[in-house]
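S.K.: Sharing a structure below in structure tokens format, with a few things to ask.
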Amino acid sequence: MAETVVQIQGLSKIFQRDSFSVAALEDIDLTLESGEFLCLMGPSGSGKTTLLNIIAGIDRPTKGQLRVLGEDVAQMSEDRLATWRNVHVGFVFQTFNLIPVLTAYENVELPLLLTKLSSGARQEHVLAALKLVGLEDRIHHYPRQLSGGQEQRVAIARAIVTDPTLLMADEPTGDLDAHSAEEVLDILTRLNRDFKKTIIMVTHDPRAARHATVTRQLEKGQLLPLGA
Amino acid sequence: MWRLILKNLLRNKRRTLLTTASVAVSLFLLSALAIVYTALGKPFEGVDTVPIMMVRRAAGIVFSLPARYQDRLKAVPGVVAVSKLSWFGGYWRDPANQFSNFAVDAETVFDVQTGGVIHPDQLAAFKRERIAAVAGKRLVDRFHWKIGDRITLLGSPYGVTPELVLRGIFTGGPDDHFYFHWDYLNEAMGRLNIVGMYWIRVDPVEAAPRVAQTIDQMFRNTDAETKTESLSAFLLGFVSMLGNVRGIILLIGSAVTFAILLIVANTMAMSVRERFAEAAIMRTVGFRKSHILGIFVGESLVLTFAGAVVGVGGAKILFDGLALRQISQFVPADMRMRPETLLFFAALSLGMALAAVGWPAYRAARLQIAEALRHTG
Ligand SMILES: Nc1ncnc2c1ncn2[C@@H]1O[C@H](COP(=O)(O)OP(=O)(O)O)[C@@H](O)[C@H]1O
Ligand SMILES: [Mg+2]
């Protein structure tokens, strides 16, 4: 009964820079079922971020097939993609990427401003999300008043507040100390295990990989065979 | 969305404040210039160029001449008509009703001022009656007067309030002028026998320079020396000088506008550049290009309009309060802010806000999300 969330075939991405070109991804095949927690590993520059961006529709492949949640993401217009991401995809970055002039509460509420929810309903969602990441007592703090770990948890709350199917995290623990990193990974694990979120996490931290259900290695733009 | 705009403006309070203040000051200056500019544009409609000459005190326009000069002027070869002309400076009913009113020699004023055409019966009625007055057509239309109306001139610096009856209407010439009997004024003032100036008509026109010389020579070394000049040339010179002034005002105005544009554009460019990454994040969580554009444009609008309200509003309050009604004795001008001017500034502010933010906002909205995110952290 598991359905396919991500289906990729023969996907390549070539960055054209003036005269020379960089093949960031080469002939990638990848399938991800609903409920999986995929950990993408690999050295810096191996194409992890690029792959994540393409799956989320914030970058486009040069060639190949790509279906995410049944949609041909590569063919969608930017505005449709924006709406699609708002509904289906949550994103967590390495740098916490909160809007500095907004409080934790307002940052989490941001994606909901695009929905038709009433402010009462929005408040319910925001508080639930912040509670899930354990920050219900920090809602009126501004990003600069939070620790790195707390900021990243706000970012996670923002990513899940619209209740997306797919959660993307690009080195979410990269800038965190070990303790904060563990907290963030725990939250992601809980989201996967208890809330059945499909997660793709990029990391080059081997400890992080323990939380995943599948781990794949990227190297120089190529996905190594399973178990490699 | 509005909250987002306001929060972003408050992000850097000092910058927002400085920018708004600069816009306010610049727009205040621009408003003042605009008021003068429009005021200067109005007063000279209908100035006529007939060769009338003006004899005034050499010491300056504010000094008067003896009334007895009239006969001596008349005797100068080339002079065909002479009329006394004392600027009176009254208003009708309300200080807002300013217009050019003069005490003149009813017998001769239309011999000198041939540009104004009046029906002979009306002219005769004017000459006959001591309290009679005549007014130009434009003025009559402005105040909806009709022949027979009683008109009392208030507020004159001479401290008398002539009660007059309108007996005639002339067209052409200085048709915003109002004339009444100098004799009447003279009596009311206790027979001081002084005149602001004389208007003389010279024929042939070519005689004008010689006539001027003769007259001024004639009164040299008296205690009321004269200066005779061509009235039309005087006005024309003045008009063309004002034309230059308007040109300069336009130039300064454009420079100020450009300066405001630079100020706002600089602030917005900085503000947008700092937030490319944020724009990318917002796009990632589902905001569209148009949302991003809207937020930046909204910020620019709020910034510019806040400045405009303070600057233009301040100018309006100040100038309407001062209620200046003339630029000089002969140049009535309404120095209040007109509705068109307000409308102009609303449009200008809108234009500037858009021009200032257009390019950076467009870039921020268009940016490749992946690219923008890569350059953060
Ligand atoms: N916009 C771009 N232009 C040119 N080259 C790029 C661009 N984005 C990424 N690359 C190149 O693509 C490769 C993969 O980058 P990336 O996906 O960021 O790797 P990772 O996230 O695994 O460190 C790198 O060689 C990088 O330099
Ligand atoms: Mg990366």
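S.K.: Among the residues of segment B:1-23 satisfying the criterion of being surrounded by 15 or more Cβ atoms within 10 Å (Cβ to Cβ) and of a type in the set (Lys, Arg), which is farthest from A:Ser119 (Cα to Cα)?
M.R.: Going through the qualifying residues, I end up with B:Arg15.
S.K.: Still on this structure: Listed residues A:Leu66, A:Leu11, A:Leu81, A:Leu32; which is within 15 Å of ligand 1 (Cβ to nearest atom) and either touching a residue at least 24 places away in the same chain (Cβ under 8 Å) or in a loop (DSSP other than H, G, I, E, B) (or both)? Give the steps one after another, and end with the answer.
M.R.: Details: A:Leu66 fails: within 15 Å of ligand 1 (Cβ to nearest atom); A:Leu81 fails: within 15 Å of ligand 1 (Cβ to nearest atom); A:Leu32 fails: within 15 Å of ligand 1 (Cβ to nearest atom).
Answer to the selection: A:Leu11.
S.K.: Looking at (1) within 14 Å of chain B (Cβ to nearest Cβ); (2) more than 30 Å from B:Leu9 (Cα to Cα), which one does A:Pro143 not meet, given that it meets all the others?
M.R.: Tallying (1) within 14 Å of chain B (Cβ to nearest Cβ); (2) more than 30 Å from B:Leu9 (Cα to Cα), A:Pro143 fails exactly one: (2).
S.K.: Continuing with the same structure: Let me spell it out: the conditions are (1) surrounded by fewer than 21 Cβ atoms within 10 Å (Cβ to Cβ); (2) more than 14 Å from chain B (Cβ to nearest Cβ), and A:Ala74 meets all of them except one. Which number is the exception?
M.R.: (2)
S.K.: Moving on. So how many residues does segment A:172-181 have that are surrounded by fewer than 17 Cβ atoms within 10 Å (Cβ to Cβ) and out of contact with any Gly (no Cβ under 9 Å at 6 or more places or on another chain)?
M.R.: 1
S.K.: Would you confirm whether or not segment A:190-205 contains a residue that is among the hydroxyl-bearing types (Ser, Thr, Tyr), farther than 14 Å from A:Val133 by Cβ, surrounded by fewer than 21 Cβ atoms within 10 Å (Cβ to Cβ) and away from ligand 1 (no atom under 16 Å from the Cβ)? Lay out the reasoning, then the answer.
M.R.: Here is the first cut: in segment A:190-205, the ones among the hydroxyl-bearing types (Ser, Thr, Tyr) are A:198, A:203.
Now restrict to residues that are farther than 14 Å from A:Val133 by Cβ: A:198, A:203.
Now restrict to residues that are surrounded by fewer than 21 Cβ atoms within 10 Å (Cβ to Cβ): none.
No; the residues of segment A:190-205 include none that is among the hydroxyl-bearing types (Ser, Thr, Tyr), farther than 14 Å from A:Val133 by Cβ, surrounded by fewer than 21 Cβ atoms within 10 Å (Cβ to Cβ) and away from ligand 1 (no atom under 16 Å from the Cβ).
S.K.: Hey, another quick one. Taking B:Ile263, is it in contact (Cβ under 8 Å) with a residue 60 or more places away in the chain, within 14 Å of chain A (Cβ to nearest Cβ) and among the β-branched types (Val, Ile, Thr)?
M.R.: On the way: in contact (Cβ under 8 Å) with a residue 60 or more places away in the chain: yes; within 14 Å of chain A (Cβ to nearest Cβ): no; among the β-branched types (Val, Ile, Thr): yes.
Considered against the rule, which asks whether it is in contact (Cβ under 8 Å) with a residue 60 or more places away in the chain, within 14 Å of chain A (Cβ to nearest Cβ) and among the β-branched types (Val, Ile, Thr), B:Ile263 comes out as no.
S.K.: Under 29 Å from A:Thr62 (Cβ atoms) and either touching a helix residue (DSSP H, G or I) at 6+ places or on another chain (Cβ under 9 Å) or without any contact (Cβ under 8 Å) to a residue 24 or more places away in the chain (or both) - does that describe any residue in segment A:173-184? Give the steps one after another, and end with the answer.
M.R.: Start the filter on segment A:173-184 by keeping residues that are under 29 Å from A:Thr62 (Cβ atoms), which leaves A:174.
Okay, now just the ones that are also either touching a helix residue (DSSP H, G or I) at 6+ places or on another chain (Cβ under 9 Å) or without any contact (Cβ under 8 Å) to a residue 24 or more places away in the chain (or both), so A:174.
Checked against the condition, which is being under 29 Å from A:Thr62 (Cβ atoms) and either touching a helix residue (DSSP H, G or I) at 6+ places or on another chain (Cβ under 9 Å) or without any contact (Cβ under 8 Å) to a residue 24 or more places away in the chain (or both), segment A:173-184 yields at least one hit.
S.K.: Give me the residue from segment B:283-296 that is in a helix (DSSP H, G or I), over 13 Å from A:Val89 (Cα atoms) and not small (Gly, Ala, Ser) and, out of that set, farthest from the other protein chains (Cβ to nearest Cβ). Please lay out each step first, then the result.
M.R.: First, the residues of segment B:283-296 that are in a helix (DSSP H, G or I): B:283-284, B:289-296.
If we keep only those that are over 13 Å from A:Val89 (Cα atoms) too, we end up with B:289-296.
From the residues that got through so far, the ones that are not small (Gly, Ala, Ser) too are B:289, B:291-293, B:295-296.
Details: B:Lys289: 7, B:His291: 8, B:Ile292: 10, B:Leu293: 12, B:Ile295: 11, B:Phe296: 14 Å.
Only one residue fits best here, namely B:Phe296.
S.K.: Here's a follow-up. Please specify each residue of segment A:45-60 satisfying the condition of being within 22 Å of B:Phe287 (Cα to Cα) and surrounded by 18 or more Cβ atoms within 10 Å (Cβ to Cβ). Talk me through it step by step, then tell me what you get.
M.R.: So in segment A:45-60, the residues within 22 Å of B:Phe287 (Cα to Cα) come out as A:49-60.
Passing the criteria: A:Thr49, A:Thr50, A:Leu51, A:Leu52, A:Asn53, A:Ile54, A:Ile55, A:Ala56, A:Gly57, A:Ile58, A:Asp59.
S.K.: In this structure, is A:Gln152 polar (S, T, N, Q), crowded, with 19+ Cβ neighbours inside 10 Å and either touching an Asp or Glu at 6+ places or on another chain (Cβ under 9 Å) or farther than 25 Å from A:Leu69 by Cβ (or both)?
M.R.: On the way: polar (S, T, N, Q): yes; crowded, with 19+ Cβ neighbours inside 10 Å: yes; either touching an Asp or Glu at 6+ places or on another chain (Cβ under 9 Å) or farther than 25 Å from A:Leu69 by Cβ (or both): yes.
Yes: the conditions hold for A:Gln152.
S.K.: Exactly one of (1) at the interface with another protein chain (Cβ under 9 Å from one of its Cβ atoms); (2) touching an Asp or Glu at 6+ places or on another chain (Cβ under 6 Å); (3) more than 16 Å from ligand 2 (Cβ to nearest atom) is unmet by A:Ser12. Its number?
M.R.: Among (1) at the interface with another protein chain (Cβ under 9 Å from one of its Cβ atoms); (2) touching an Asp or Glu at 6+ places or on another chain (Cβ under 6 Å); (3) more than 16 Å from ligand 2 (Cβ to nearest atom), the lone unmet condition for A:Ser12 is (1).
S.K.: Can you pull out the residues in segment A:24-33 that are more than 14 Å from chain B (Cβ to nearest Cβ) and either within 16 Å of ligand 2 (Cβ to nearest atom) or in contact with a Pro (Cβ under 9 Å, 6 or more places away or on another chain) (or both)? Working first, answer last.
M.R.: Start the filter on segment A:24-33 by keeping residues that are more than 14 Å from chain B (Cβ to nearest Cβ), which leaves A:26-33.
Result: A:Ile28, single match.
S.K.: Where the second residue is of a type in the set (S, T, N, Q) and in a helix (DSSP H, G or I) and the first is closer than 13 Å to B:Val309 by Cα and lies in segment B:344-360, which pairs have Cβ atoms under 6 Å and are six or more apart or on separate chains?
M.R.: That search, which allows pairs on different chains as well, returns B:Ser349/B:Thr304.
S.K.: Right, here's the next one. Please work out which one of (1) away from chain B (no Cβ under 13 Å); (2) within 13 Å of ligand 1 (Cβ to nearest atom) is the condition A:Lys48 fails and give its number.
M.R.: Condition (1) is where A:Lys48 drops out.
Residue by residue, here is whether (1) more than 19 Å from A:Thr165 (Cα to Cα); (2) at the interface with another protein chain (Cβ under 10 Å from one of its Cβ atoms); (3) polar (S, T, N, Q) holds:
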{"site": "A:Trp84", "(1), (2), (3)": "no, yes, no"}
{"site": "A:Val87", "(1), (2), (3)": "no, yes, no"}
{"site": "A:Ile99", "(1), (2), (3)": "yes, yes, no"}
{"site": "A:Leu102", "(1), (2), (3)": "yes, yes, no"}
{"site": "A:Leu114", "(1), (2), (3)": "no, yes, no"}
{"site": "A:Leu117", "(1), (2), (3)": "no, no, no"}
{"site": "A:Leu130", "(1), (2), (3)": "no, no, no"}
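S.K.: Among the numbered criteria (1) within 15 Å of ligand 1 (Cβ to nearest atom); (2) touching a helix residue (DSSP H, G or I) at 6+ places or on another chain (Cβ under 8 Å), which one does A:Phe37 miss?
M.R.: (1)
S.K.: Which of the residues that make up segment A:14-25 are surrounded by 18 or more Cβ atoms within 10 Å (Cβ to Cβ) and either modelled with pLDDT under 90 or outside any strand (DSSP E or B) (or both)? Walk me through how you get there before you give the answer.
M.R.: Start the filter on segment A:14-25 by keeping residues that are surrounded by 18 or more Cβ atoms within 10 Å (Cβ to Cβ), which leaves A:24-25.
Hit for segment A:14-25 is A:Ala24, nothing else.
The values are calculated or read from the model by the stated rules, or taken from the named source; none is laboratory data. Remember, predicted model here, so these are calculated numbers, not experimental data. Heads up, the Cβs are rebuilt from the backbone with ideal geometry, glycines too, and the neighbour counts pull from every protein chain shown.
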